[in-house]
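Q: Let me begin by handing over the structure; questions about it come next.
The values are calculated or read from the model by the stated rules, or taken from the named source; none is laboratory data. Being a predicted model, the structure only gives us computed values, none of them experimental. Here the Cβ is made from the backbone with ideal geometry for all residues, glycine too, and neighbour counts use every protein chain on show.
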Amino acid sequence: MSLQNLRDRVPDYAKDLKLNLGILAGEATLTDRQKAGTFIASALGARNAEVVAAVIAEFAPKLDAKELAAAQAAAAVMGMNNVYYRFLHLVGNEEYGKLPAKLRMNAIAMHGIARADFELWCLAVSAINACGSCVASHEKTVREAGLTAEQVQAAVRIAAVVNATAAVLDAETPVRHHAAALAA
């Protein structure tokens, strides 16, 4: 499945998502590597098989094997960290923050690619997962590494549109099954 196929699967009521997917695929603020990794990490973070398949087909060829693995690792480790650090933020009890996390996070230090790119992909997934402390931490790191506000915004726009597309397609699955049952 290609990105165009994915856009074709988005229902008409979500036309803005179709348009934004096309616009963001051509986003020039990010390097091709940054854009591809952001799309892939965001798709994995959004957890929809159709979206993941289309995004991987479209953007994986733009990354080498190490970069693809890093985008996947960013999504995986943020899936864990965003829950943990969001809990620390939301619980409002400083005692938990003083305890060691005791979670393996080797991917954050041992991804083997440019740190700014990996952190940008972590930022995108953290935005999807609504972890304020992770968003703030990764945003600070990428800005210190020299990325601009426009580049950060572009990555978060990709995350937002990919996540919304996944949500729409998830919601459409029962609708399609119901329509098929009625037609039978």
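Q: Against the definition (over 24 Å from Val51 (Cβ atoms), touching a residue at least 24 places away in the same chain (Cβ under 8 Å) and in a helix (DSSP H, G or I)), how does Ala116 come out, yes or no?
A: Yes; evaluated as a whole, the condition is true for this residue.
Q: Inside the stretch 1-52, can you point out the residues that are of a type in the set (Lys, Arg) and either at pLDDT below 95 or in contact with a helix residue (DSSP H, G or I) (Cβ under 9 Å, 6 or more places away or on another chain) (or both)?
A: Of everything in the stretch 1-52, those that are of a type in the set (Lys, Arg) and either at pLDDT below 95 or in contact with a helix residue (DSSP H, G or I) (Cβ under 9 Å, 6 or more places away or on another chain) (or both) turn out to be Arg7, Arg9, Lys18, Arg33, Lys35, Arg47.
Q: Follow-up question, since we're still on this one. Looking at the stretch 86-98, can you tell me whether even one residue there is out of contact with any Phe, Trp or Tyr (no Cβ under 9 Å at 6 or more places or on another chain), aliphatic (A, V, I, L, M), in a helix (DSSP H, G or I) and in contact (Cβ under 8 Å) with a residue 40 or more places away in the chain?
A: So far as the stretch 86-98 goes, no, none of its residues is out of contact with any Phe, Trp or Tyr (no Cβ under 9 Å at 6 or more places or on another chain), aliphatic (A, V, I, L, M), in a helix (DSSP H, G or I) and in contact (Cβ under 8 Å) with a residue 40 or more places away in the chain.
Q: Shifting gears a bit: Starting from residues that are within 17 Å of the chain's Cα centre (by Cα) and of a type in the set (D, E, K, R), keep the ones in the stretch 116-141 and report whichever is surrounded by the fewest Cβ atoms within 10 Å (Cβ to Cβ).
A: Ranking the qualifying residues of the stretch 116-141, first place goes to Glu139.
Q: A follow-up question, please. Run down Glu119, Glu150 and say which single residue is among the charged types (D, E, K, R) and under 23 Å from Val83 (Cβ atoms).
A: Glu119
Q: Taking Thr141, is it closer than 24 Å to Leu30 by Cα and part of a helix (DSSP H, G or I)?
A: Yes, satisfied.
Q: Would you mind telling me which numbered condition in (1) without any contact (Cβ under 8 Å) to a residue 40 or more places away in the chain; (2) exposed (fewer than 13 other Cβ atoms within 10 Å of the Cβ); (3) of a type outside the set (Gly, Ala, Ser); (4) under 23 Å from Leu17 (Cα atoms) Glu144 fails?
A: (4)
Q: If the Cβ limit is 8 Å and pairs must be 6+ apart or interchain, which residue in the stretch 49-74 that is of a type outside the set (Gly, Ala, Ser) pairs with which residue that is exposed (fewer than 15 other Cβ atoms within 10 Å of the Cβ) and at pLDDT 95 or above?
A: Correct list of pairs: Lys62/Asp32.
Q: Considering only the stretch 61-76, state which residues are out of contact with any His (no Cβ under 9 Å at 6 or more places or on another chain) and surrounded by fewer than 18 Cβ atoms within 10 Å (Cβ to Cβ).
A: Pro61, Lys62, Asp64, Ala65, Ala76
Q: OK, next. Kindly indicate the residue of the stretch 34-52 that is surrounded by 18 or more Cβ atoms within 10 Å (Cβ to Cβ) and not hydrophobic (A, V, I, L, M, F, W, C) and also nearest to the chain's Cα centre (by Cα) among those meeting that condition.
A: Ranking the candidates gives Ser42 first.
Q: Answer yes or no: is there a residue in the stretch 100-113 that is at pLDDT 95 or above, in a helix (DSSP H, G or I) and surrounded by 17 or more Cβ atoms within 10 Å (Cβ to Cβ).
A: Looking through the stretch 100-113, none of the residues is at pLDDT 95 or above, in a helix (DSSP H, G or I) and surrounded by 17 or more Cβ atoms within 10 Å (Cβ to Cβ).
Q: Within the stretch 53-60, can one find any residue that is under 17 Å from His138 (Cβ atoms), surrounded by 16 or more Cβ atoms within 10 Å (Cβ to Cβ) and either modelled with pLDDT of 95 or more or β-branched (Val, Ile, Thr) (or both)?
A: Checked the stretch 53-60: no residue is under 17 Å from His138 (Cβ atoms), surrounded by 16 or more Cβ atoms within 10 Å (Cβ to Cβ) and either modelled with pLDDT of 95 or more or β-branched (Val, Ile, Thr) (or both).
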